[in-house]
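Before any comments, here is the structure.
The values are calculated or read from the model by the stated rules, or taken from the named source; none is laboratory data. All figures in this text were calculated on a predicted structure; none of them were measured in a lab. Positions of Cβ are generated from backbone atoms using ideal geometry, with glycine treated the same way; all protein chains shown enter the neighbour counts. Note: areas computed on protein heavy atoms with side chains; ligands, DNA, RNA excluded. Shrake-Rupley method; radii C 1.70, N 1.55, O 1.52, S 1.80 Å.
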Amino acid sequence: MIRYLKQGRPAAAKTDDDAKVRSTVEGIIRDIETRGDEAVRDYSRQFDNWDPADFRLSRAEIEAARKQLTPREIEDITFAQRQVRGFAQIQRDSMRDVEVETYPGVVLGHRHVPMNAVGCYIPGGKYPLLASAHMSVLTAKVAGVPRVVSTAPPYQGKPHPAIVTAMDMAGADEILVLGGVQAVVAMAVGTPSVAPVDMLVGPGNMFVAEAKRQLYGRVGIDLFAGPTETLVIADESVDGELCAVDLLGQAEHGPTSPSVLLTNSEALARATLDEIERQLKVLPTAAVAKQSWADYGEVIVCDTYEEMLEMADRIASEHVQVMTREPDYFLDNMTNYGALFLGPRTNVAFGDKVIGTNHTLPTNRNARYTGGLWVGKFLKTCTYQRVLTDEASATMGEYCSRLCHMENFAGHGEQANIRVRRYGNRPYLPWYQPIEARS
């Protein structure tokens, strides 16, 4: 039996919040489409109190930011980017162009073609999430994208030196200090000062996520990524302290970040609830984490692994931390998740910051139909075909013509017929009537 010891806000309240966000974002998009750079600057002043002469950083400004970091900080960024780059390159190498003769004289193939321009949003208003530069800019560059624009909001009234440095070390071709909806809209629709991109990637708050959703179709996006989510699946092989740390470690992202404990041990569930209360008294980010846990935290108790699996796939969480005696049971059987973190030795923070997998992952149950950001998201798999012989063209033409007439596509059929006549050296018209004309 599945039962809740704690539940978050009702779905109806979340729906009301979503409607307000949608309306706000629609207005900003329309305004930037109409007024361009002037509107972008107005929103930057309004939301970030940021009004520089130029949102784009010069080479000298980038170098000045880098000089503010210590050698240890530079080495730490280098180490993290080495892990991310290495795994992204392994993923890229697994994607092979193909060309094969599928029928005598018929060659089919595909190529993985990088996008021409990508815009990467790096969150940084509340927390300077420099790791997002590794995940988006660097991964796009491994994919071979020639133009990568990267932007982050100002942090405490100025560009954050670590974010700027990470973007530069990752290979960004243009670096902007611009945040929020105005940043992603400027990159998507283009303004006199920002040339448009073909795709938007990167996490953000609910407004940034909604802007990406509304812009989808005009540009591509990586995925619909909203506030961070975490699901901890645990049994009595671990304790409440560890579970509480892993839940609150993600709840601190923001006041709307869901954190869920799923367990088959009511004793562990109650111990975790007690630990959360204790840790919230000492956690430096408790003001945010406490609100997030109060409004969106949940504790679910099941009787069996099978019930835990059923509930986990129903939740379809962005991050899934598995701390059970048999973590491979969930690896082998779960189908809906952004990323799995198997065993107590790993955790979501490793994935967020340093271990090498990408931290831009699907939220809002979108893991039911997509995985996270990876090198393949920046590549278009484009097919081609080549017919090498007259005989192959005539044979394909005969089959194609008959199939076209089943669909009443006379023009399509004639494309096939002319190949039969020219390359098969015989007059050719289908001998039968369309299906609906028969009696």
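Filter region 315-332 down to the residues that are of a type in the set (Asp, Glu) and more than 19 Å from VAL260 (Cβ to Cβ), then identify the one that is least open to solvent (accessible area, probe 1.4 Å). Looking at residues that are of a type in the set (Asp, Glu) and more than 19 Å from VAL260 (Cβ to Cβ), I get ASP328. Restricting attention to region 234-248, the residues being crowded, with 22+ Cβ neighbours inside 10 Å, assigned to a helix (DSSP H, G or I) and in contact (Cβ under 8 Å) with a residue 60 or more places away in the chain number 2.
Results for (1) surrounded by fewer than 24 Cβ atoms within 10 Å (Cβ to Cβ); (2) farther than 18 Å from ALA65 by Cα; (3) touching a helix residue (DSSP H, G or I) at 6+ places or on another chain (Cβ under 6 Å); (4) among the acidic types (Asp, Glu), shown as yes or no for each residue.
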residue: LYS126; (1), (2), (3), (4): yes, yes, no, no
residue: SER132; (1), (2), (3), (4): no, no, no, no
residue: SER150; (1), (2), (3), (4): no, no, yes, no
residue: PRO153; (1), (2), (3), (4): no, no, yes, no
residue: GLY157; (1), (2), (3), (4): yes, no, no, no
residue: VAL164; (1), (2), (3), (4): no, no, yes, no
residue: VAL177; (1), (2), (3), (4): no, no, no, no
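Residues in region 307-326 that are free of Cβ contacts under 8 Å to residues at least 24 places away in the same chain and more than 18 Å from TYR4 (Cβ to Cβ): GLU326 alone.
In the set ASP303, ASP295, only one residue is farther than 24 Å from PHE350 by Cβ, open to solvent by 30 Å² or more (accessible area, probe 1.4 Å) and not in a helix (DSSP H, G or I); that residue is ASP303. Condition (residue is in contact with a strand residue (DSSP E or B) (Cβ under 6 Å, 6 or more places away or on another chain), assigned to a strand (DSSP E or B) and not small (Gly, Ala, Ser)) applied to region 152-171: is it met by at least one residue? No, region 152-171 contains no residue that is in contact with a strand residue (DSSP E or B) (Cβ under 6 Å, 6 or more places away or on another chain), assigned to a strand (DSSP E or B) and not small (Gly, Ala, Ser).
Among the residues of region 224-233, is any farther than 26 Å from VAL299 by Cβ and surrounded by fewer than 18 Cβ atoms within 10 Å (Cβ to Cβ)? Before you say what the answer is, go through the steps one by one.
Step one: list which residues in region 224-233 are farther than 26 Å from VAL299 by Cβ, which gives 224.
Checking which are surrounded by fewer than 18 Cβ atoms within 10 Å (Cβ to Cβ) leaves us with 224.
Yes, there is a match, as at least one residue in region 224-233 is farther than 26 Å from VAL299 by Cβ and surrounded by fewer than 18 Cβ atoms within 10 Å (Cβ to Cβ).
Out of GLY371, GLY351, one residue alone is within 25 Å of GLY202 (Cα to Cα), surrounded by fewer than 18 Cβ atoms within 10 Å (Cβ to Cβ) and of a type in the set (Gly, Ala, Ser). It is GLY371.
Pick out the one residue from THR346, THR360, THR335 that is of a type in the set (Val, Ile, Thr), more than 26 Å from VAL149 (Cα to Cα) and buried (at least 16 other Cβ atoms within 10 Å of the Cβ).
On inspection, the qualifying residue turns out to be THR346.
Could you tell me whether region 256-266 includes any residue that is free of Cβ contacts under 8 Å to residues at least 24 places away in the same chain and open to solvent by 30 Å² or more (accessible area, probe 1.4 Å)?
Scanning region 256-266, I find no residue that is free of Cβ contacts under 8 Å to residues at least 24 places away in the same chain and open to solvent by 30 Å² or more (accessible area, probe 1.4 Å), so the answer is no.
Number of residues in region 1-57 that are at pLDDT below 90 and in contact with a Pro (Cβ under 6 Å, 6 or more places away or on another chain) equals 0. Note on region 38-94: among residues that are part of a loop (DSSP other than H, G, I, E, B), surrounded by fewer than 19 Cβ atoms within 10 Å (Cβ to Cβ) and aliphatic (A, V, I, L, M), the one that is farthest from the chain's Cα centre (by Cα) is ALA53. Only one entry of ALA269, ALA312 meets the criterion of being open to solvent by less than 40 Å² (accessible area, probe 1.4 Å) and more than 22 Å from the chain's Cα centre (by Cα), and that entry is ALA269. Considering only residues in region 194-222 that are modelled with pLDDT under 95 and open to solvent by 10 Å² or more (accessible area, probe 1.4 Å), the one that is farthest from SER259 (Cα to Cα) turns out to be ARG213.
Looking only at region 411-439, how many residues end up being open to solvent by less than 100 Å² (accessible area, probe 1.4 Å), at pLDDT below 90 and either assigned to a helix (DSSP H, G or I) or acidic (Asp, Glu) (or both)? Qualifying residue count, region 411-439: 2. Within region 214-224, does at least one residue satisfy the condition of being more than 25 Å from ASN336 (Cβ to Cβ), among the hydrophobic types (A, V, I, L, M, F, W, C) and within 20 Å of the chain's Cα centre (by Cα)? Yes - at least one qualifying residue is present in region 214-224. Considering GLU210, GLU275, the condition of being closer than 22 Å to LEU373 by Cα and not in a loop (DSSP other than H, G, I, E, B) is satisfied by GLU210 alone.
Among the residues of region 325-370, those identified as out of contact with any Gly (no Cβ under 7 Å at 6 or more places or on another chain) and under 25 Å from ASP18 (Cα atoms) are ASN336, TYR337, ARG365, ASN366, ARG368, TYR369, THR370.
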